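Student: I'd like to ask you about the structure that follows.
The values are calculated or read from the model by the stated rules, or taken from the named source; none is laboratory data. All figures in this text were calculated on a predicted structure; none of them were measured in a lab. Neighbour counts are summed over all protein chains in view; Cβ atoms, including those assigned to glycine, are modelled from backbone coordinates with ideal geometry. Accessible surface areas use protein heavy atoms only, side chains included; no ligands, DNA or RNA. Shrake-Rupley method; radii C 1.70, N 1.55, O 1.52, S 1.80 Å.
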Amino acid sequence: QVQLVESGGGLVQAGGSLRLSCAASGSRFSINTMAWYRQAPGKQRDLVARISTGGSTFYADSVKGRFTISRDNAKNTVYLQMNSLKPEDTAVYYCKAEVITDGPVPYDHWGQGTQVTVSS
């Protein structure tokens, strides 16, 4: 099975920065698109950023210009660099990977989530 392990969350003051990472491990798998989502208390889980295998990116309007998603395919790892953080960025951040194993149909696999708290 494939496991996604997230790290880098924590408490930071407004205007500060954090770098999240998500590493995929397992056997006989490959990763297509990877993405970061976040879910604040009382709100739905929303897409933050997405990156394809070729490096094409998408960002939610709320984080555009402040967040940067990147990946290291050799390490099966995706990163989210978060700069100029605001209190409204406070949420649990989840990594999602589109996974291909032995079957022909890809499936979505989620990380456990990591808490990001931005104080004012």
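Student: From the residues 18, 58, 99, which one has its Cα farthest along the dipole of the chain in the positive direction, the dipole being from +1 and -1 charges on Cβ of Lys/Arg and Asp/Glu about the Cα centre?
Tutor: Farthest towards the positive pole: 18.
Student: Counting only protein heavy atoms and using a 1.4 Å probe, what share of the accessible area of the chain belongs to carbon plus sulfur, as a whole percent?
Tutor: Numbers: 2950 of 6320 Å².
Here carbon and sulfur together make up 47 percent of the probe-accessible area.
Student: At most 11 other Cβ atoms within 10 Å and a DSSP loop assignment: could you name the trypsin sites (Lys or Arg not before Pro) in region 40-120 that fit? Walk me through the intermediate numbers first.
Tutor: Working: sites: 43, 45, 50, 64, 66, 71, 75, 96; in loops: 43, 45, 64, 66.
In loop regions of region 40-120 (DSSP not H, G, I, E or B), the sparsely surrounded trypsin sites (Lys or Arg not before Pro) are 43, 64.
Student: Taking only C-alpha pairs under 8 Å that are 6+ residues apart, what is the relative contact order of region 1-73 in percent? Mind showing how you got there, number by number?
Tutor: Working: 87 pairs, mean separation 14.9, N = 73.
RCO, region 1-73: 20 percent.
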